[in-house]
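Undergrad: Have a look at this one before I ask anything.
Where a number appears in this text, it was derived from the coordinates with a stated rule and is not lab data. Given the structure is predicted, the values throughout are model-derived calculations rather than measurements. Backbone-built Cβ (ideal geometry, glycine too); neighbour counts: all protein chains shown.
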Amino acid sequence: MATEPGINMEAKIDARENPFEPYLDALKKVLEDQDPIFMIGIVVSLAVVVITVVFLKYILSRKTVQSAVLLVGLCDSGKTLLFSRLLSGKFKKTQTSITDSSAPYKAKNERGSSWILIDLPGHDSLRPQYVEKFKSAARAMVFVVDSAIFQKEVRDVAEFLYFLLTDSVVSRNVPSLIVACNKQDITMAKSAKLIRQQLEKEMNTLRVTRSAALSAQDGSAGASVHLGKKGKDFEFSQLPMKVEFLECSARGSKGEDGEADIASLEKSLAKL
Amino acid sequence: MLDFFTIFSKGGIVLWCFQGTGVTESFTGPVNALIRSVILQERSGNNSYSHDALSLKYKLDNEFELVFVVGFQKILTLTYVDKFIDDVQLHFRDRYKNELEQKGALALLNSHFAFEDDFKMLLREAEESSKARGPTSMRSFNASLKSQKTVKSMIETKGGDKGKEQGGKKNKNAKKEGKAITTREKAKASTSAQKTEENGNQGLTQEEIIQKKREEFIRKRMGAPVEKPSKSPKPVKEKPKGKEKRVWTLGGSSTKELDYSQSNGNGAHAAGDQGLDAQADPGDLLAVDYESILFKMFLSPKKGAFGGMFGMLKGLVGSKSLSQEDMEPVLDKMRDHLIAKNVAAEIASQLCDSVAKKLEGKVMGTFTTVASTVKGALQDSLVQILQPKRRVDILRDVLEARSQRRPFVITFCGVNGVGKSTNLAKISFWLIENGFTVLIAACDTFRAGAVEQLRTHQRRLNSLHPPQDHGGRPIVQLYEKGYGKDAAGIAMEAIAYARNQAFDVVLVDTAGRMQDNTPLMTALAKLIAVNMPDLVLFVGEALVGNEAVDQLVKFNQALADHSMSDKPRLIDGIVLTKFDTIDDKVGAAISMTYITGQPIVFVGTGQTYNDLRSLNARAVVGALMKA
């Protein structure tokens, strides 16, 4: 009697295997019937497909690897001239940029690393679009400030800097920030230290006003990233990214024919 | 005579420049102004721009991303400039093709463009060609064709009879009046009579009249009998002859003359010419060739079918540069689409022209169609228009004003019924939520119930934020002086009161007024000019269509005209109301920002206090471009 369930089980198992069996047998037969070369061909093509998929994934992920340094700043702060000086050392007359310019830059360090330097237009209506386009590729940002008229523009400068720092992509990638206080050849130019203090004060106020700003009409609120530490006054050292303030002069103290005083900027760029 | 000529890349690097002799000022300022007001505001449909005393013309080269700008004094009218820019552009492109084709800015930075000689040569050519078409000297009478014709050939028999008859009659009268009339006067009378009769038919020119007079004078001197009286009995005699058989010039005794298959209508001209001037009338309209038009219409679809198929394939693969004809159908469709989305008609056409200028000559990549390129460019320009050109942060500005111990004054203006009072209440709610004290100035002294409406809002807002929370002082107060008073005076008093009582913000509500009501517009301009508010907001409803253009233009015009100072206070920002009533017909936002160049500061999306938003440019453009 005990064997009966066993036989039944076996019978059941056999029955279960049986429906698959003819299919398996048929498949085996078809495969055997085929030319071995054809089989190899199928296997190779499958392998190629798999490799391509893996390769594409690798390449696509490489694109988001930050390989560019952005030159950003307000209109007329000297970004395009700085771009020209860094790349070729020459003085060029410039006009308001309408589009971006990019070129590969060889850093002056032992490794000789080279990355792409991108000059973005600073005009208010073009700024957001271009920052949007290039922010994911940025490994560092050079924020150019016009030190001579800084006092009048401090609120605009701070707003743009706030917009950059609270952007979700930027706060995720954490590119290093170099604030280049340009136009030091003008006598009334403010020093980098003063500019840093003023910006910190301004960003403090902006934290309050920007978070109280109205949400957009389709419901999307502004950036919810809070800069610095809550409860304490804002300082650049509280930011997750590396921030550096330096002075430079794209025009150079000797006018158009002389060299530009961008040694400190080049040094910082070499450290990247 | 040109002040300057620059060639620079769209990335901002000046490749080559030329400064005219004697010009000391730098051209960077005017060119920057050109870029900011024309190219960036999408007004590039019209390619000239004036800045102070200079007139600037420009041309965009979209294939190599270059801009060519020429500047000259506005008082000069140089006719060769347009063609000159085109020539320079072609020349420059051909010469520096290699450097320009390289991608990346390094080539532009490192190469030196020695374009001086070519430029001077082109300039010389252009100036010479304009001088060559100088005023032509008048031909002498003997050189003209008229002197070769005799007077008799120019007079048609029918009109001539009548004229001579009249002349004859008049001469008889003149004879009766007295022989004192000189022959010249008789001649004059006859010729003037002739003139009046022959007005339609011949139109004798001055020369012919002089000729006639001369002949008559000579005849009279000779003592020959006066022509007119001798001729006048003739027609009288001729009349009883009976009706002459009428001869139609085109009538044709034979059908051969009616066969126009060869001459195509020239036969008629030749016959009619004998009576008229030999020179063809320049104002003559050529006969519309109906058949050829039909023929063309019939042919083109066939061509189009084949061309269309190949064109599609051509368009997908390889680099094709965009031309005006390629973009035409797409732009027309986009224009209609924009107009369907409630963008004002002239704004839509200006936008499409500007996009066409920006894309002309651009080389498309593979697998991009003309439609996608044009749509992308249009989307970019729309986002660019909606982006504010200055910082928009009211709270920050209020804090700044507070630190300077003065109130921040906002004035609301607009036509009737757009929602000024409602949105004023919403904005004051937002401000008190952020801890600012608000004074509402009721400068609408005309509309029934305006002051009471504001008083109700004040009471409600105070109940929402009771004074106990803010140190015993009501956070919103109303400054009103009843009805019928002068609005500018009330505003001035309200601002002084706010300064004394240390209010943070003053919101000035004005009466709604139509833009062509001159006395009311003058009153509004006076209010704004006298009180110098920090922010002048124009309140416009999103439902408005083409009217938006008219409203904004006239409001700005009135504010500019009636202000005493050099820098008049114009509209600084726009409040777009009733945004919840339109689904995706958001075109009014585009019309308003395009016309004024000012940002949309607030968007009203409903009728409760919380329905106040800011503008998200991308979302609006997305809704606009959605099919």
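Undergrad: Going by the alpha-carbon gyration tensor, a ≥ b ≥ c the square roots of its eigenvalues, is the stretch A:111-226 rounded (a/c under 1.5) or, if a/c is not under 1.5, prolate (a/b greater than b/c) versus oblate?
TA: Cα axes put the stretch A:111-226 in the oblate bin.
Undergrad: With the cut-off at 1.5 for a/c, could you classify the stretch B:1-93 from its C-alpha gyration tensor as rounded, prolate or oblate?
TA: rounded
Undergrad: Taking a threshold of 26 Å on the Cα-Cα distance, which of the pairs A:K79/A:K152; A:K108/B:K97; B:K320/B:K341; B:K57/B:K358; A:K152/A:K267; A:K57/B:K320 fall above it? List each step's numbers first, then the result.
TA: Values: A:K79/A:K152 19 Å; A:K108/B:K97 32 Å; B:K320/B:K341 31 Å; B:K57/B:K358 15 Å; A:K152/A:K267 30 Å; A:K57/B:K320 32 Å.
In this structure, A:K108/B:K97; B:K320/B:K341; A:K152/A:K267; A:K57/B:K320 exceed 26 Å between Cα atoms.
Undergrad: Check each of the chymotrypsin sites (Phe, Trp or Tyr not before Pro) in the stretch B:394-485 and keep only those in coil by DSSP with at most 16 other C-beta atoms within 10 angstrom; list them in order. Before the final figure, lay out each step's value.
TA: Numbers: sites: B:F408, B:F412, B:F429, B:W430, B:F436, B:F446, B:Y479, B:Y483; in loops: B:F436, B:F446, B:Y483.
In loop regions of the stretch B:394-485 (DSSP not H, G, I, E or B), the sparsely surrounded chymotrypsin sites (Phe, Trp or Tyr not before Pro) are B:F446, B:Y483.
Undergrad: Note down the net charge around A:V72, summing +1 for each Lys or Arg and -1 for each Asp or Glu among other residues with Cβ under 14 Å from its Cβ.
TA: It works out to a net charge of -4.
Undergrad: Then there's this: Between the alpha-carbon centers of the stretch B:27-41 and the stretch B:545-570, tell me the distance in whole angstrom.
TA: The stretch B:27-41 and the stretch B:545-570 have Cα centres spaced 22 Å from each other.
Undergrad: Taking the square root of 5 times each eigenvalue of the Cα gyration tensor, what semi-axes in Å does the equivalent ellipsoid of the stretch A:98-146 have, largest first? List each step's numbers first, then the result.
TA: Numbers: eigenvalues 110, 26, 19 Å².
Over the Cα atoms of the stretch A:98-146, the ellipsoid semi-axes are 23, 11, 10 Å.
Undergrad: Show me, bin by bin at 5 Å from 0, the whole-percent P(r) of the stretch B:350-399 based on Cα pairs.
TA: With a bin width of 5 Å, the distribution comes to 4, 17, 22, 16, 12, 8, 7, 7, 5, 3, 0.
Undergrad: Then there is this: If I take every Cα pair under 8 Å that is 6 or more residues apart in the stretch B:1-153, average their sequence separation and divide by the length, what percent do I get for the relative contact order? Display every interim value, and only then the final one.
TA: Values: 152 pairs, mean separation 31.8, N = 153.
21 percent.
Undergrad: Could you run the Karplus curve 6.51 cos²θ - 1.76 cosθ + 1.60 with θ = phi - 60° over the stretch B:477-485 and give me ³J(HN,Hα) per residue in whole Hz, x for Gly and Pro?
TA: 10, 10, 10, 9, 10, x, 10, x, 8
Undergrad: Continuing with the same structure: Using alpha-carbon positions, what is the distance between the centroids of the stretch B:73-89 and the stretch B:108-128, in Å?
TA: Cα centres, the stretch B:73-89 to the stretch B:108-128: 15 Å.
Undergrad: Give, as a single signed number, the net charge of other residues whose beta carbon lies under 13 Å from the beta carbon of B:E25, with Lys and Arg counted +1 and Asp and Glu -1.
TA: On the way: positive: none; negative: B:D3, B:D52.
Local net charge: -2.
Undergrad: May I pose another question? Run a plain Debye calculation on the stretch B:45-153 (Cα atoms as equal point scatterers, no solvent) and give log10 I(q)/I(0) at q = 0.14, 0.16, 0.22 Å⁻¹, rounded to two decimals, same order as the q list.
TA: So the normalised log intensities work out to -0.72, -0.86, -1.27.
Undergrad: I would also like to ask the following. Is the shape of the stretch B:538-627 rounded, prolate or oblate, going by the alpha carbon gyration tensor and its root eigenvalues a ≥ b ≥ c, with a/c under 1.5 for rounded and a/b larger than b/c for prolate?
TA: Verdict is prolate for the stretch B:538-627.
Undergrad: Here's something else I'd like to know. So which of A:K201/B:K585; A:K90/B:K120; A:K229/B:K585 end up more than 32 Å apart by C-alpha?
TA: Those over the limit are A:K201/B:K585; A:K229/B:K585.
Undergrad: Ranked highest first by the average count of other Cβ atoms within 10 Å around their residues, in what order do B:340-346, A:158-164 fall? If you can, show how the numbers build up before the last one.
TA: On the way: B:340-346: 19.0, A:158-164: 21.0.
Descending mean neighbour count gives A:158-164, B:340-346.
Undergrad: Could I ask something else about it? Report D for the stretch B:398-511 in µm² per second (integer): Stokes-Einstein, Kirkwood Rh on Cα pairs, 37 °C, 0.692 mPa s.
TA: For these conditions, the coefficient is 234 µm²/s.
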